[in-house]
1. Please work out whether region 1-110 counts as rounded, prolate or oblate from its C-alpha gyration tensor, where a ≥ b ≥ c are the square roots of the eigenvalues and a/c under 1.5 means rounded, while otherwise a/b larger than b/c means prolate and anything else oblate?
2. How far is helix 129-142 tilted off the main Cα axis of the chain, in degrees rounded to 10, range 0 to 90?
3. Kindly identify region 52-152 as rounded, prolate or oblate by the Cα gyration tensor criterion: order the square roots of the eigenvalues as a ≥ b ≥ c, call it rounded if a/c is under 1.5, otherwise compare a/b with b/c, prolate if a/b is larger, else oblate.
4. Could you give me the ³J(HN,Hα) list for region 160-170, computed from phi with Karplus coefficients 6.51, -1.76, 1.60 and θ = phi - 60°, whole Hz, x at Gly and Pro?
5. Strictly over 27 Å apart at the Cα level, which of Lys106/Lys174; Lys16/Lys171; Lys21/Lys150; Lys15/Lys158 would you flag in this model?
6. Rounded to the nearest 20 Debye, what is the dipole magnitude of the chain about its Cα centre when Lys and Arg each give +1 and Asp and Glu each give -1 at the C-beta?
7. Can you work out ³J(HN,Hα) from phi for every residue in region 108-118, in order, using Karplus 6.51 cos²θ - 1.76 cosθ + 1.60 and θ = phi - 60°, giving whole Hz and x for Gly and Pro?
8. Ignoring everything except DSSP H segments at least 4 long, calculate the 222 nm mean residue ellipticity for the chain; use -39,500 (n - 2.57) per segment, divide by total residues, nearest 500.
Amino acid sequence: MKLNIVEYPDRRLRKKCEAVKAFDKKLHKLLDAMHPFMLKTNGIGLAAIQVEHPIRALILNLPDEEGEQPPENLLEVINPVIVEQNGETTYQEGCLSVPQFYEDVKRHEHVVINYQDRDGNTKTIDADGLLAIALQHEMDHLEGILFIDKLSYARRKKFEKEYKKMQKERKNSK
Ligand code: Y12
Ligand code: CO
């Protein structure tokens, strides 16, 4: 399955994603294609909406201490719901849909999430650290929210200016 990344300011990133109802071959094919696509583009997290599929599905493959992303660490998260959240942490985030831009974002330090796996089995993740941050970042995508929406007015303005410049440069170099 060929996947294409949707990049800001594409309005398709703003859609509220639909719940997954069928845990079928079509879903498995999409998840199977998302993983190599994410690794190839140096990502650690990817929501289906970022590759033109506005459904409530995301994957995460966080690096270990050696910086590797072992496939056994792959998490496929379908229809997630936050059931507990507390604390505060700040991390410099990036997003495959907002290339070449990283900014500090404040999030909950600890989250508990109920979700389904690719076969529809109900599971729970109790997360803190990078996993908690990445889950919140990816779950925001399901609501059409991007990490740049969480910046202060001044930082967002600076971002818009820099991003427009970067897009122009990329267009001219093609
Ligand atoms: C902490 C913070 C954010 C997340 C969400 C997942 N984000 C990513 O996986 C970001 C990936 C990313 C990859 C890039 O590299 C390429 O595109 C080749 C990148 O670099 C450029 O755009 C040039 C930017 C972001 C999880 C945890
Ligand atoms: Co993202």
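1. Here region 1-110 falls in the rounded category.
2. Around 80 degrees separate the two axes.
3. Details: a/c = 1.31, a/b = 1.26, b/c = 1.04.
Note, shape of region 52-152 comes out rounded.
4. 4, 5, 5, 5, 4, 5, 4, 5, 4, 4, 5
5. Numbers: Lys106/Lys174 36 Å; Lys16/Lys171 29 Å; Lys21/Lys150 30 Å; Lys15/Lys158 25 Å.
Over 27 Å Cα-Cα: Lys106/Lys174; Lys16/Lys171; Lys21/Lys150.
6. Working: 28 positive and 29 negative charges, 302 e Å.
For this selection, approximately 1460 debye.
7. These are the phi-based 3J(HN,Hα) values: 5, 7, 9, 9, 10, 10, 9, 7, 10, 8, 5 Hz.
8. Values: 3 runs with 50 residues, N = 174.
The helix-only estimate for the chain comes to -9500 deg cm²/dmol at 222 nm.
Here, each number is a calculation from the coordinates, and none is a lab measurement. Worth saying up front: this structure is predicted, and the values here are computed from it rather than measured. Quick reminder, even Gly has a Cβ in these numbers, built from the backbone with ideal geometry, and neighbours come from all protein chains shown.
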